[in-house]
């Protein structure tokens with residue numbers, strides 16, 4: 001008996017569209033217009049935040065700060081982006097092109113997080 005798996009083209013297309021790995025284990029929030037919103041996941045290309053989706057419009061451009069808790073410090077990375085999707089208390093933001101400074105800051109956050117996770121696993 002041969003088992004056939006149905007090809008989920010929508011999922012396959014989404015996987016191919018992702019240019020950057022999504023991260024969901026980092027302790028971070030986004031600050032938009034003075035309000036903090038939890039980040040569900042993020043990558044160098046964008047973020048998915050938990051927010052009242054009625055406050056944001058698809059296509060709207062926004063300025064935001066991503067704040068990461070690393071050790072006993074807060075790393076704040078300011079940048080801009082565009083709302084690409086809203087719904088179900090979630091807002092998807094596509095970042096504008098990152099500067100070299102932003103790329104270094106994100107790399108530092110990732111490196112620090114990986115170091116912390118490794119240290120925690122050794123206890």
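Share of antiparallel DSSP beta bridges in region 27-121, in percent to the nearest 5?
Antiparallel bridges: around 100 percent, rounded to the nearest 5.
Quick one: compute the contact order of region 27-121, relative version, from alpha carbon pairs under 8 angstrom and 6+ residues apart, as a percent.
Rounded, it is 26 percent for region 27-121.
Under 1.5 on a/c is rounded, so check that first for region 58-123, then, if it is not, pick prolate when a/b is larger than b/c and oblate when it is not; a ≥ b ≥ c are the square roots of the alpha carbon gyration tensor eigenvalues. Kindly include the intermediate steps, with their values, before the conclusion.
Values: a/c = 2.87, a/b = 1.79, b/c = 1.61.
The shape class here is prolate.
At what distance in nm do the modelled label points of residue 114 and residue 24 sit from each other, each positioned 7 Å from its Cα along Cα→Cβ?
Reported label-point gap for residue 114 and residue 24 is 2.1 nm.
Hey, how many Å between the Cα centroid of region 62-112 and the Cα centroid of region 24-53?
Cα centres, region 62-112 to region 24-53: 7 Å.
Laboratory data are not the source of any read-out in this text; all were calculated from the coordinates shown. Please read these numbers as outputs of a predicted model, since none were measured by experiment. Every residue, glycine as well, gets a Cβ built from its backbone with ideal geometry; the counts of neighbours run over all protein chains shown.
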